[in-house]
Every structure is written in C-alpha cells, then in structure tokens.
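The values are calculated or read from the model by the stated rules, or taken from the named source; none is laboratory data. Predicted model, so just to flag it, every value in this text is computed and none were measured. Counting neighbours? That spans all protein chains shown, and the Cβs are built from the backbone with ideal geometry, glycine included.
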Amino acid sequence: MKKTLTHKILENHLISGNLVKGEEITIKIDQTLTQDSTGTMVYLQLEAMDVDSIKTELSVAYIDHNTLQTGFENADDHEFIKSVAKRHGIIFSKPGNGICHQLHLENYGMPGKTLLGSDSHTPTCGGLGMIAIGAGGLDVAVAMAQGTYSLTVPEVIGIELKGELRPWVSAKDVILHILKKLTVKGGVGKIVEYFGQGVSNLSVTDRATITNMGAELGATTSIFPSDENTRAYLASQGREGDYVSLSADPNAEYDQVYEIDLSSLEPLAAMPHSPDNVASVPEIGEIKIDQVAIGSCTNSSYSDLMKVANILKGKKVHDNVSLVISPGSSKILSKLAENGALAHMINAGARIIECACGPCIGMGQSPKSGGISLRTFNRNFKGRSGTMDADVYLVSPETAAVSAIYGVLTDGISKGLKLDPIKEEVFDKNDNFIVYPRGFNKSNTPVVMGPNIKPFPLNKALEDQVKGSVVLVGGDNITTDDIMPSDARLLPYRSNIPYLSNYSFATIDPAFPSRCKEAKEGIIIGGVNYGQGSSREHAALVPLYLGIRFVIAKSFARIHRSNLINSGIIPLVFENPDDYDELKLGQKLVIENAKEQIDSAVIIVKNIDTGKEIKTVGNFTQLEISMLKAGGKINMIKGQEK
C-alpha cells in the first residue's frame with residue numbers, strides 16, 4: 001500500500017495498537033506546548049501526577065492569551081506557570097514574545113515530529129510537516145508525564161492543490177474555500193493532508209494559515225509535505241539543520257480526495273457567525289465597516305504583515321474605521337521596525353498592539369454596539385469579539401488592509417490595485433523573551449500559587465446508577481465559547497473554576513448555573529457538533545463542577561468529547577436523532593446498570609418522566625471505558641499507580 005505522509009509519521013511514532021482506521025493507538029509525543037489560558041490547569045494536573053521529570057524531547061509554556069494585567073490574577077497565573085516550568089525543565093516564553101503557534105513555527109517545530117498542544121490551533125505546525133494535534137489540557141499534562149498520547153486512527157483526506165494563487169488571493173482564501181465545501185464538521189475524525197503541484201507555490205507561513213484553520217473543520221490535524229520551501233523557511237529562522245524532506249508516496253491511498261485549482265480562487269469572507277458561512281467578497285458587496293483587526297495565530301506572519309504595510313504605505317485608514325494590528329512574534333515586530341514597515345502602518349493610522357492573541361479571544365478591542373468588524377482571525381462565533389450584537393467577518397490580510405482604506409468590504413482585484421511580492425528575510429536569533437530552566441528542579445524550585453488559583457474539580461468513580469435532570473437543551477454547533485465564555489472579563493479567572501461556573505452558558509441561557517445548583521445532578525442535551533471550537537477543557541471542568549453527569553448529543557466535536565471523558569462525564573450520541581425532540585427541561589433521565597452498560601456499543605437511557613427508553617451510542621475504546629469507570633483520567637492514573 002502506498003503510504004500517506006500521515007501514516008508514515010504515525011507509524012514512526014507508534015507505541016501500541018494497529019495503524020488501522022477506527023482502531024485505538026498510542027503514539028510517542030516529541031513536543032508539547034501550552035498557553036496561559038489553558039496552561040494553569042495543565043500544570044495543576046501535572047503537579048497532581050507528581051512526576052519526577054517530563055518525558056518529552058521539548059516542552060514550551062507560552063504566555064500569549066491573558067496578557068492584559070488589570071489586576072493581580074493574570075500575573076499570578078504567569079508566575080505559577082513559570083515556577084512549574086522551572087521545576088520540570090520546560091521552556092518559558094514571557095508575555096510579549098508572541099503567539100504560541102507562530103513562535104513554535106519559528107523556533108521549535110520540526111518536520112516529522114509529533115506535537116501535542118493545549119490549544120485547538122496547534123495544527124499550525126502541520127505547515128512544517130509535523131503531526132501537530134490540539135488536545136485538552138489533561139492530555140497534554142499526561143503527554144509530558146508519560147511521553148505518549150492515545151487516539152483513534154482517523155481517516156485521511158487528501159487535498160490535491162494545482163496551479164498558483166493570483167495576487168490579492170491568499171492562503172486564507174484557500175482554507176475559507178475548503179470550509180465552504182466541507183463545513184465546520186466536515187473534518188471530524190479525519191486528518192487533512194495536502195499534496196500536488198500547487199503545494200510548491202505556497203510558503204510555509206501560507207501552509208500554516210491553512211493548517212491552522214483546519215481546526216475549524218473539526219479535523220484532528222492537517223499536514224503539508226516538507227520540501228525546499230520548508231528548508232528555506234527553517235534557514236530563514238537559523239534552523240536549516242532541522243530540515244528533513246518528507247512527503248507521501250506517489251499515488252498514496254487516501255480515504256477521500258478533493259482537488260483545488262488555486263488559480264481559480266477569489267477573495268472570500270466568512271460571514272457571521274460561523275467560519276463556514278463563506279461567500280466571495282464581490283457577492284457580499286461593499287458593506288460599511290467599523291473596525292479591522294489584523295493578526296492572530298492565523299495571519300500574523302512576517303509576509304502577511306509586510307503585505308499589509310505595503311498596501312497601507314502612503315495611504316490613510318478611513319475616517320470611520322479603527323484598524324488594529326497585532327504582530328505574531330517579537331521577532332516579526334522587530335523586523336518591521338528595522339525595515340520601516342511599522343512606520344508605514346502607524347503613519348496610515350493603524351494602532352499597533354502587543355504581540356499576543358488579543359482581540360481574537362475577546363481580550364480587548366471589542367467592536368462598538370452593532371458594529372461590523374473585519375478580522376484575519378479563525379473564528380467569528382457570536383459574542384466572541386466581546387460585543388454580542390457585532391457582526392464579524394473573517395478575511396485575508398490583503399482584503400482587511402484594502403478594506404480599512406476604503407471603509408467598506410472590498411478587495412484589491414475589484415479596485416484594480418497592484419500588489420508586489422514579499423521578499424523573504426533572514427531573522428536574527430533572539431532569546432531575550434525566553435527563560436530556559438537551567439539548574440532548576442523539583443527539589444530546589446517551589447510552586448508559586450496566588451489566591452485566585454483554585455484546585456481543579458475531580459469526579460467520582462462510576463456508580464451503577466447515573467441519573468440527573470435535564471438542565472439544558474441546546475441546538476446545533478454549540479461552541480466551547482458558549483459552554484464557557486471567554487473574554488477580557490472572564491479570562492483572568494481561568495484558574496478559578498468555582499468563579500467561572502457562574503457564567504457557564506451565559507450567552508445562551510443565563511439561568512443554567514442556578515438550574516444546575518438546584519438540580520445537583522444534571523444532564524445536557526445537544527444537537528449536531530456539540531462542543532466545536534476551542535480546546536478549552538474549562539468547557540468540561542465547569543460542567544463537572546456544576547454536577548453534569550452525562551451529555552447526549554446528535555454528534556460531538558473531537559476535542560470536547562475527549563475532555564468530557566477525561567473529566568468522567570459520559571458523552572452519548574442519539575442512535576435515533578429524532579429522540580432529541582422529545583427531551584425537555586426538567587425531565588429526569590437515568591442510566592441503569594451503568595458499570596455494565598458502559599462496555600456496550602449501545603447504552604440505554606431511560607426517561608423517568610415518560611417511561612421511554614432512549615438508545616444512545618457510546619462506542620468507547622477500552623482506554624475511554626477505563627477512564628469513565630474511574631471517574632476521569634486523573635483518577636484512572638492514580639488507580640494504576642497504587
């Protein structure tokens with residue numbers, strides 16, 4: 001059988017199991033990354049496992065999310081993460097250094113390696129030819145402690161790229177085109193692998209934009225081959241020695257194959273309020289805009305921002321538009337300052353903010369009431385910007401910059417503008433934002449914990465009867481932003497689950513927390529693709545704290561399903577989706593003989609109020625069954641150590 005690149009790397013890292021679609025395998029993890037929004041929980045969990053040393057080749061703790069320090073909370077979290085990083089030999093990236101995915105691409109990503117990160121956009125490094133997977137924080141803590149990760153072997157979708165992008169059409173338009181075709185649930189249970197002649201016409205940062213937003217497809221990860229463009233990028237970062245040539249076999253066998261002619265694409269935009277709600281910019285029309293935000297882990301690379309600077313040079317941002325730009329790394333910001341590009345941006349009227357996630361996660365720069373914001377980010381879920389009635393459109397940096405000048409959504413092709421290609425630069429090594437853990441260990445480095453850091457909740461072992469009241473009936477595509485909102489007001493409390501629990505589902509049903517407290521044991525009913533979006537395990541830990549015992553949905557997003565199991569909350573899928581329509585708030589449901597049923601493919605849930613028996617599908621692996629029986633992954637690990 002002709003092998004895909006995906007199968008080659010997985011085979012090279014296989015520890016146990018058979019590399020057969022649908023079977024569970026365990027692979028060696030070479031690298032991990034965390035960011036501070038999820039990192040505090042990761043390191044609380046790592047400390048709870050009481051390991052002597054981490055087992056990865058390299059692990060990095062980045063501070064890039066909660067960088068607004070309006071109180072002590074964020075600074076305390078940073079100090080806690082730094083202290084644990086020192087104890088365990090983990091590299092610490094200080095606030096201001098940049099966004100974790102851009103930084104890892106620049107400094108640590110290596111073709112052929114495996115990377116597990118506590119952020120859903122970890123697949124960004126697939127642009128370098130890595131198997132880079134976003135996961136829940138506990139999975140990352142275990143990967144550091146044991147050097148392994150278990151997953152079900154996904155399908156591999158092959159996307160053959162042909163041709164070359166026209167000026168004013170970019171990698172962002174490629175992934176928006178794919179999202180329009182496959183939708184936000186089209187990649188669930190799949191890895192997306194790119195191949196074909198058109199790949200050679202995309203730079204590594206182009207590829208990283210595409211693999212980054214593979215997360216919006218729901219894909220396990222996305223990957224490009226490692227070729228001469230990869231060598232050139234690594235050389236530009238002073239890391240040519242990390243280059244390895246990697247590709248799929250000729251005529252490799254994929255589960256599905258799609259073909260894209262890059263030369264046929266046009267400037268696109270994802271309209272409110274989903275990344276797959278895509279249309280061409282001319283189709284949408286020249287709608288008036290209020291804000292433009294350029295940056296995020298998707299589009300804050302040097303080449304992206306140089307295009308923006310060239311478009312803005314000698315121009316003026318429209319009077320009615322606020323333009324904000326956040327570079328992806330300190331290295332990029334420094335280069336923009338050296339070559340004068342930063343001056344072009346500022347002179348045009350752009351606001352330059354810290355090298356961090358910033359507005360992408362609702363950390364500042366919320367649009368005005370009812371405002372229209374163009375963003376080069378990866379998600380435009382309702383309310384994610386911090387303004388509930390704002391309309392957010394996702395676009396390329398080129399489209400964002402030219403629209404900021406004209407004050408309406410438009411593109412350079414429509415305006416007949418010229419766009420010069422960007423010359424690649426060589427970057428100087430700068431470790432001044434990095435703290436290397438030299439000479440530190442567990443015995444000589446105490447953990448520093450501020451008063452806002454609270455213990456994470458632990459479940460109890462599975463009982464023979466699992467019951468509760470229906471406390472929420474949600475629709476399709478419920479996001480982790482819905483389950484646990486994330487904005488500048490709440491982000492400082494990411495290490496305080498009791499406080500956060502008061503805001504769970506606040507954008508959908510503000511009465512949810514009080515209903516849970518009254519019920520004491522609760523059940524959530526969801527539609528299709530429940531838990532899509534961010535990897536934040538807070539969307540499982542907060543429901544656990546509120547007493548949620550199980551969730552029944554029409555389907556689950558991959559990472560959230562794993563996070564529920566890690567927390568000991570049972571995720572079940574309706575065998576007959578029509579049963580969803582019969583479930584109402586307040587009804588009492590029970591799983592009888594749960595310890596026995598959990599081993600079965602079909603699990604019966606009884607509606608005590610109506611007497612109806614609902615067939616649900618678990619299809620849990622043996623590892624997942626062990627976790628659910630123990631009441632979560634931490635309990636299972638502790639039980640194994642006795």
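Assorted remarks:
- Of the residues Ile361, Ile405, Ile353, the single one that is β-branched (Val, Ile, Thr) and more than 27 Å from the chain's Cα centre (by Cα) is Ile405.
- Matching entry among Thr148, Thr124, Thr152 (being of a type in the set (S, T, N, Q) and under 18 Å from the mean Cα position of the chain (by Cα)): Thr124
- Filter result (over 30 Å from Ser535 (Cβ atoms) and either hydroxyl-bearing (Ser, Thr, Tyr) or in the same structural domain as Asn212 (by TED's automatic domain parsing) (or both)) within the stretch 379-411: Ser403, Tyr406, Thr410
- The set of residues in the stretch 374-397 that are of a type in the set (A, V, I, L, M, F, W, C) and surrounded by fewer than 24 Cβ atoms within 10 Å (Cβ to Cβ) comprises Phe381, Met388, Ala390.
- Meets criteria (assigned by TED's automatic domain parsing to the domain that holds Gly632, of a type in the set (Gly, Ala, Ser) and modelled with pLDDT under 95) for Ala594: no
- Count of residues meeting criterion [touching a strand residue (DSSP E or B) at 6+ places or on another chain (Cβ under 7 Å) and either surrounded by 17 or more Cβ atoms within 10 Å (Cβ to Cβ) or outside any loop (DSSP other than H, G, I, E, B) (or both)] in the stretch 404-436: 7
- Flag not set for Ile311, criterion: β-branched (Val, Ile, Thr) and farther than 16 Å from Ser170 by Cα.
- Residue count for the stretch 483-533 satisfying the condition of being in a loop (DSSP other than H, G, I, E, B), surrounded by fewer than 22 Cβ atoms within 10 Å (Cβ to Cβ) and either in contact with a strand residue (DSSP E or B) (Cβ under 6 Å, 6 or more places away or on another chain) or not polar (S, T, N, Q) (or both): 13.
- Search result, residues across the stretch 348-369 that are of a type in the set (Gly, Ala, Ser), in contact with a helix residue (DSSP H, G or I) (Cβ under 8 Å, 6 or more places away or on another chain) and either part of a helix (DSSP H, G or I) or modelled with pLDDT of 95 or more (or both): Ala348, Ala350
- Pro455 vs. criteria modelled with pLDDT under 95 and either farther than 30 Å from Gly39 by Cα or surrounded by 22 or more Cβ atoms within 10 Å (Cβ to Cβ) (or both): no
- Selection count where residues are of a type in the set (Gly, Ala, Ser) and either within 18 Å of Asn212 (Cβ to Cβ) or at pLDDT below 95 (or both), scope the stretch 274-309: 7
- The set of residues in the stretch 51-86 being within 22 Å of the chain's Cα centre (by Cα) and either assigned to a loop (DSSP other than H, G, I, E, B) or outside the structural domain of Met41 (by TED's automatic domain parsing) (or both) consists of Thr56, Ile63, Asp64, His65, Asn66, Thr67, Leu68.
- Scope the stretch 1-23; condition hydrophobic (A, V, I, L, M, F, W, C) and either without any contact (Cβ under 8 Å) to a residue 60 or more places away in the chain or in a loop (DSSP other than H, G, I, E, B) (or both); matching residues: Met1, Leu14, Leu19, Val20
- For Gly314: the one exception among (1) under 21 Å from Asp420 (Cα atoms); (2) in contact (Cβ under 8 Å) with a residue 40 or more places away in the chain; (3) not in a helix (DSSP H, G or I): (2)
- Hey, Asp391 within 27 Å of the chain's Cα centre (by Cα) and of a type in the set (Asp, Glu) or not: yes
- Selected residue [within 23 Å of Ser296 (Cα to Cα) and touching a residue at least 24 places away in the same chain (Cβ under 8 Å)] from Glu463, Glu354: Glu354
- Total residues in the stretch 534-548, condition modelled with pLDDT of 95 or more and assigned to a loop (DSSP other than H, G, I, E, B): 2
- Criterion applied to Ala232, Ala248 was being within 30 Å of Asn529 (Cβ to Cβ), of a type outside the set (D, E, K, R) and surrounded by fewer than 24 Cβ atoms within 10 Å (Cβ to Cβ), and the one residue passing it is Ala248.
- Qualifying residue in the stretch 146-168 (condition: touching a Pro at 6+ places or on another chain (Cβ under 7 Å), of a type in the set (Gly, Ala, Ser) and modelled with pLDDT of 95 or more): no
- Single unsatisfied condition, Asp276 versus (1) in a loop (DSSP other than H, G, I, E, B); (2) out of contact with any Ser or Thr (no Cβ under 9 Å at 6 or more places or on another chain): (2)
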